[in-house]
Every structure is written in structure tokens, then in C-alpha cells.
Amino acid sequence: MWRAIAAFAVIAVALLLALTSKANLGLDLKGGTQIVLETKDSERVKADAESTDRALTVIRGRVDALGVSEPTLARSGSNRIIVELPGVQDPREAAEVIGQTAQLSFHEVRSVPTDDTAPPEGETLSTDEDGNPIVLGPQLLDGNGVSDASSGIPEGGVGQWVVNVEFNGQGRGGWADLVSAACANPAAAQRVAIVLDTQVISSPSVQPSLCQSGGGASTQITGNFTQATADDLAILIKGGALPVPVETVEQRTVGPTLGKVAIDASIEAAIIGIALTGLFIVLVYRLVGFLATIALGTYALISYGMLVWLGATLTLPGLAGFVLAIGLAIDANVLVFERAREEYAERTSGGLEPALTTGFNKAWSAIIDSNVTTLLAAALLFFFASGPVKGFGVTLSIGVVASMVSALVIARVLCEWAVKRSVVKGRPAISGLAGTGRIRQWLTDSGPDLMKRSGTWIVITLVVAVVSVGGIAVKGLNLGVEFTGGRLLEYSTSQAIDAEDARVAVSDAGFSQAVVQSSSGEDGRENVSVRLDDITNEEAVQIEEALAAVAGSVEKERDELIGPSLGKELRDKALIAFAIAIAAQMLYLAWRFRWTYAAAAVLSMSSVVLTVVGVFAWWGKPIDGVFLAAVLSIIGLAVNDTIVVFDRIREYTAANRKKPLRGVVNEAILQTIPRTINTGLGAMFILAALAVLGGDSLTDFAIALLIGLSVGILSTIFTASAIAILLEERWPYDPTDAPKKVIDPYANVDDGRTTTGAIL
């Protein structure tokens, strides 16, 4: 009863959240520009969390002055600021205003030089806003002393725009000193200079009335201003009070249509994947398969409800994370149903209901272990990845939790209700649990001795590894700009364009080192991608204009700029994430099983990852952040699959310690093959739909996972178990040397059979 109440409550709350809340979409789904700024130490201030927060406040004022709808600004770490500008497709103005990186300072104009004579010590030779040379005195006031600046028309003025500047308590003393110094220097026309980033943005003369008042709390800058120039100057003065300089280390722009296409494609892939997976599960498991499919349908609702409840941002890879988690939900159901089939076949009494209950109980250990390893991979993505890929880690975690609720609570309530019906009790065959299936029966009666040639499987794995390493050595890794630094521009064109024509156009525009590629896009349009080193926004516009000249109208789909230092950092983090993933999962498996099994699982998983990387190297596919998400997902899936097999091996070896190890392991593998096949096919349906419908953004992700899943299934059956056998034979486990402990938490479950659970 409590499960039914819990299931109803979860569905009701998720539905309420879905109807009353709206998901936060990342810029890669709704379009716009993201700029990542990194604060740097200055001579006076260290770039720490406190100074970065102060810089964030200043930059927020600059962004607000741009008039962008619903901008988002947040500090990341101790010295980075993420600025998201929805709808902004041309980042030039935003980058120019936001990226004004230096300190705002106020100086006295000491003199107007008449020759090339060097200024005295403490003074600086510069040029005013009109390009005329001037000599500046030391800084007497900085931007921290400015409380506000605005443009306006003075009372009684007609079309005469001015800039009003107000000083806070910290700045009034410095302003008074500056006015006093300027007024005492008529030779330089009693001028003050406002400097931003070593550039004089205004150098007005001090009016006699101001000399008499001695400064005050405000001033007014006059000149030949238009409304636009007065607005610009006011923005720079008000927003120029950065406590530390900042540098743009990353910039991403996504077109307005790319995200919509990705959302539609992911929804279609999810619907088709669930439909195909559901049809397959129904064919294999009949009534309980149908009920599991219904429970799977609630997965999307629960996932979405958790997403909006947590306030998480849904990104493009995040959509793939949700779709991927569907396969995890199917895996849990398949584990339960296969266990229940075994229980029903071995029972002497009781029927379907206790068999199903024991199936859920017996599968719990493997389900928890496999999902923990996936959550470990997702957590690593969250902590070590950046941008949209971090969102994948968040949504994969949400998806794992939602899939467990769907499979272990909702599906259990529905299935337990169904097997209690008299019509099902009288015809147990329709339940899908009465019978082990033809494949399992064949494997039990005359299955092959796979572990007889365990050494052969290891040799084959080594050969595949050598071929993969050869691809990396010969072809090299096509690292994306995220890991190398540089700029990637992608456009869709209204008419077909040959890659060579596009390459010539870009080269003629002055970018001969650019790597230009073309491919088929959405709705019959052509896609052209241009990859090159770090270039300015103005140069990016030149490339766009060059392509438009030979391809008609072009539309920006994607623009990614990664600084070289950030690229190295992301590359290092990817390697660290991979190393930590291996270490964390090995420690967890060593705790749950034994170090021999942990080492076998990690070596097998590493061979799967190496194979996928090798295939992408030979194929020339990009190795980028999305590929990193795929690799860490493969780590979770590969270990997930291995855990299920090892869980059965542990159970069989505990009950058959006097039998030869290879025979026991082989029997355990044969018993888990139906589950491995059924789960693999269920996940492949979903990934295949994502590969076909996901577009350029998600196709490579789905392909990597398909390869990893396929190789992982073979590696689990052959490589992982073979390595475990060799290690166990070399370092056998003697239970008499260790304190007795219950390994199977359900060993004492009364299952209605004549035998009892095993104690290791």
C-alpha cells in the first residue's frame, strides 16, 4: 500500500510542477551569446571571490545598460564570471562594452607637449579623445569613487546632451583634489582626463564655477555629444569601476533555430525510442512488459518535474542525458523480470506474486551498484566539465533517479497489482514471468563454454587495443576547440556550396590557415564550418561576409571561442575526470566485490573507452566536450553491465565453492546473457533514434554511445570475466581466512524453495 501511495504522490507532484513551472533552457537551446570572463590580479587587488563578486556587480550594470532581455550573470569558481545574453546573435557590441577590462581612472592634464620630449617621472604621455597628444599626471581618483553616471539634456538646453557624474563618499575627496589641481594649471586649459584601459575617453575643461566650489558631490560633462555618444560615455564611466581587470576566455553564440531543431529531434527520438523499446519489452515480457512501458512513460514526467524543482538548466547534451537514462530504467526492469522468471521456475509453490517480490528484492543489489557507478560518472561531469556538458551531468543524475523511481516504485506497484488478479493467476503465461524463455533454456541446456578460452578473449582485446592506439598514433585525435583553444564558426547557407569554394572565399578574406568543411544541414540547407585560431569578433564578421558573397544569405548556427589557456585547462580536466572515474569506480567495486573483480571491471571498461577513442581517431571525428560526456557515460554503462554479471558470478561462486571456477563463472555468464541482450537492445533502440534524428549536434554523441554499448556488451561477457578468472586463479579467495559476513543482503529471504540463501 505504501508503494502505491508513494507512486501516486510522485506522479501528482511531478505533474503539478510540470504544469506550474517552466524549465530553464540553456543558450544552446534558446539561442544567444555566452561570455565567460576571468578576473586577473592587478597591482593593488588580488583576483579572488570577493573582488570577482564586485566586478560582477559592475558588469551587471554594463549588461543592463545594453537593454538585453533577461540576461543571466553568475560567478563560477573564485575568478570567473559567466554572462548569458539570450537572443544576442552579434556579440560585438556586448563583448566591447562588457569586456572593457581596465580600471577607470581620473587624472589631471599636466600639459600639451609640443615635441617628443619625454614627460617627467610620474607623468604619462597619451592622446585625448580627438587624437591630440597630452601629458597626464598621476591617478587622483578611480572608478570606485563613482556612484552613478547618466546622460541627459540640461534644463533649458535644446539638443545639448551632457553626461552627469555623481561621486560617493570615497570619491568626493579625490574629485576635489583633481579639480583643485586642474584649476591651478591654466597652461593646460584646466583639463581633467577620464581614462579607461589606458585610453582617454574624455578630457573636459573644468568650468570656473566648479573651480570656485572646489568639486562637490557631482559634476557635468559637456561637449558636442549626441544621445548615442552621451549614452556610451555614461555607460563606460558608470560601469568602468572594475576592481580587477577581466579577460574573455570563452565565448559561445548559438543561432535561434539550432536549439529548436535539437529539442524537436530529441523529443522525437525519445518518443520513437520509448515506443520501440516498449514494443520489444512487451514482446519479451508480455503483461509485465506492458506495465513497465507504462511506468516508463511516467519517467519523462518525473524527470521534468525534478528538473524544474531543482531549477536546473536544460542544455543540448542534457537532452541526450534524459534520453540515455531511459535505457537505465529498462535495465532495472529487465533485471527484475529475469530474476522473477528464475524464481518462478524454481519454486514449488506460491506462484507469481512471491516470485515477482523476490525478483525485485534479489535484483536490488545489482541495480543499486550499477546506478551508483553511473552517478559517479555524472558527478565527475558536473565538477570537471563546463558549459553545456556540465548540464549533461546534471540531467543524467536526474534521469538516473527518475528511472529508479519509475522502475522500482511505479512499475512494481503496477506489476504486483496485475499478478494478484485472478485472470492472471489462472493464466500465468500471459504475465510474461511463467517461463525462462527459449534463449535461456538453450543456454542452460547446451550453452557454449565461453571461459574455456579466456586467454583467447584477452588476446583479442589486446589486438583491438593495439589497433586503437595505432589510430591515435597514425591519424591523431581531432581535438575540438574546447581542448585546443581557437574559434569554431558554423553557418547554414541558403544554397549549396562546395567546400573548396568556401575555402577559397575564406582564404581570400585573409584567413588562409582556416579549416573549412561543408555538410548537409536541416531542411535542405548546407552547413559550412570554419575552424581557426583565436580571432576577433570583427574578423569573424569578415568570414561571414566572405561566405555570403559565394553562398547567398548565411545564418549563424554556432560560434565558439575558447582561449588557449582555457582549452588546456579543459583538456587537463578531461584527463583528470577520466582518471578519477577509474579510481573511484575501482574503489567502489573493490568494496562491493573484491579487488580482483574491481581490476577486471576497470581494465575491461578502459578497453571499451580506448576502442571508442580509436574508432573516432581512425574516422577523424571530433573529440570535444560532447564526446567527453559520451565517454564518461560509456564508463558508467560498461561498468553497469559488468556489475550485473559479477553480481551473478559472486552469487554462484558463493554457493559452489567446490566446483571449478571457470565452470561456475561460465554458468553465471550464460544465465545473464538474456538480460544483457534485452537491456542492450532496449538502449540501442533509443540511441539509434537519437543518432538518426538528433542532427549534427547529437549524432556523434549517439554514435559514440552505440559503439561503446556494443563493444561493452562483448567486453563484459568475454574480457571482464576472463580477466577476473585469471586474477582469481592467481590470487584465490579463501573465505576461511576472512571474517564471515553476509554478502547477499537477501540471502535469508524466504523464497518458498527447499534451499536457503548462501552465506559467504
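Read-outs: derived from the displayed coordinates by stated rules, not from any lab. All values derive from a computational prediction rather than experimental measurement. Neighbour counts run over all protein chains shown; Cβ positions are idealised from the backbone, glycine included.
Report D for segment 486-562 in µm² per second (integer): Stokes-Einstein, Kirkwood Rh on Cα pairs, 4 °C, 1.567 mPa s.
Working: Rh = 12.0 Å.
Roughly 108 µm²/s, to the nearest whole number.
Give K40/K260; K40/K238; K40/K556; K260/K621; K452/K621; K238/K568 a once-over and call out the pairs whose C-alpha atoms are over 27 Å from each other.
Values: K40/K260 37 Å; K40/K238 21 Å; K40/K556 32 Å; K260/K621 24 Å; K452/K621 38 Å; K238/K568 35 Å.
Beyond 27 Å: K40/K260; K40/K556; K452/K621; K238/K568.
Report the relative contact order of the chain, percent, no decimals, based on alpha-carbon pairs under 8 angstrom and at least 6 residues apart.
Values: 1420 pairs, mean separation 114.4, N = 760.
Worked out over the chain, it gives 15 percent.
Could you put C415, C183, C211 in order, starting from the residue whose Cβ has the fewest other Cβ atoms within 10 Å? Intermediate results must be reported in sequence, preceding the final value.
Details: C415 31, C183 19, C211 15.
Starting with the residue having the fewest Cβ neighbours, the order is C211, C183, C415.
Among the aspartates and glutamates, which have Cα under 20 Å from the Cα of K658 when same-chain residues fewer than 8 positions away are ignored?
Cross-link targets: D449, D647, E667, E728, E729, D734, D737, D744.
For segment 104-241, what ratio Rg/Rh do Cα atoms give with a Kirkwood hydrodynamic radius? Display every interim value, and only then the final one.
Numbers: Rg = 14.3 Å, Rh = 15.1 Å.
The Rg/Rh ratio comes out at 0.95.
To the nearest 0.05, what FRET efficiency results for E123 and T72 with a Förster distance of 41 Å applied to their C-beta separation?
Values: r = 43 Å, r/R0 = 1.05.
Result of the calculation: an efficiency of 0.45.
Treat each spin label as a single point 7 Å out from the Cα along the C-beta direction, and report the R730 to E50 distance in nm.
5.5
Output the relative contact order of segment 582-670, whole-number percent, from Cα pairs under 8 angstrom with separation of 6+ residues. Walk me through the numbers on the way to the answer.
Details: 48 pairs, mean separation 19.8, N = 89.
Across segment 582-670, relative contact order equals 22 percent.
When L352, L414, L310, L705 are ordered from fewest to most other Cβ atoms inside 10 Å of their Cβ, what list results? Walk me through the numbers before you get to the answer.
Numbers: L352 25, L414 19, L310 12, L705 28.
Fewest to most other Cβ atoms nearby, the residues stand as L310, L414, L352, L705.
Specify which residue in the list V602, I460, A355 is farthest towards the positive end of the charge dipole of the chain, using unit charges on the beta carbon of Lys, Arg (+1) and Asp, Glu (-1), about the Cα centre.
Highest projection toward the positive end goes to A355.
So how do 652-661, 254-263, 535-544 stack up, highest first, on mean other-Cβ count within 10 Å? Display every interim value, and only then the final one.
Details: 652-661: 14.4, 254-263: 19.6, 535-544: 16.7.
The densest-packed peptide leads the list: 254-263, 535-544, 652-661.
Can you compute the helix-only [θ] at 222 nm over the chain? Use -39500 (n - 2.57) per DSSP H run of at least 4 residues, normalise by all residues, nearest 500 deg cm²/dmol.
On the way: 24 runs with 441 residues, N = 760.
Calculated mean residue ellipticity at 222 nm is -19500 deg cm²/dmol.
Let's see if you can work this out: charge +1 on each Lys and Arg Cβ, -1 on each Asp and Glu Cβ, no other charges. What is the dipole magnitude of segment 104-241 about its Cα centre, in debye to the nearest 20? Kindly include the intermediate steps, with their values, before the conclusion.
Values: 4 positive and 16 negative charges, 75 e Å.
In debye, rounded to 20, segment 104-241 gives about 360.
Once amide H atoms are built 1.01 Å from N in the peptide plane, which residues 5 or more positions from L479, or in another chain, come under 5 Å H to H?
I623
Quick one: grab the alpha carbon gyration tensor of segment 148-228, order the square roots of its eigenvalues as a ≥ b ≥ c, and give me rounded if a/c is under 1.5, else prolate or oblate depending on whether a/b is larger than b/c.
On the way: a/c = 1.40, a/b = 1.38, b/c = 1.01.
Judged from the Cα gyration tensor, segment 148-228 comes out rounded (a/c under 1.5).
Placing unit charges on C-beta atoms (Lys and Arg positive, Asp and Glu negative, everything else neutral), compute the dipole magnitude of the chain about its Cα centre in debye, rounded to 20.
Working: 57 positive and 78 negative charges, 1067 e Å.
With only Lys, Arg, Asp and Glu charged at Cβ, the dipole is about 5120 debye.
With a Cα-only, solvent-free Debye model of segment 231-340, what are the log10 I(q)/I(0) values at q = 0.13, 0.19, 0.22 Å⁻¹?
Each listed q maps to, in turn, -0.66, -1.03, -1.18.
Note down the relative contact order for segment 104-241 as a percent, whole number, built from C-alpha pairs under 8 angstrom at least six residues apart. Mind dumping the intermediate values first?
Values: 290 pairs, mean separation 43.5, N = 138.
Here the relative contact order equals 32 percent.
Output the lone cysteines of the chain: those with no second cysteine's C-beta under 4.7 Å from their C-beta.
Cysteines of the chain left without a disulfide-compatible partner: C415.
Would you please name the GluC sites (Glu not before Pro) within segment 32-69 that are DSSP coil residues with at most 13 other C-beta atoms within 10 Å of their C-beta?
On the way: sites: E38, E43, E50; in loops: E43.
Passing sites in segment 32-69 are E43.
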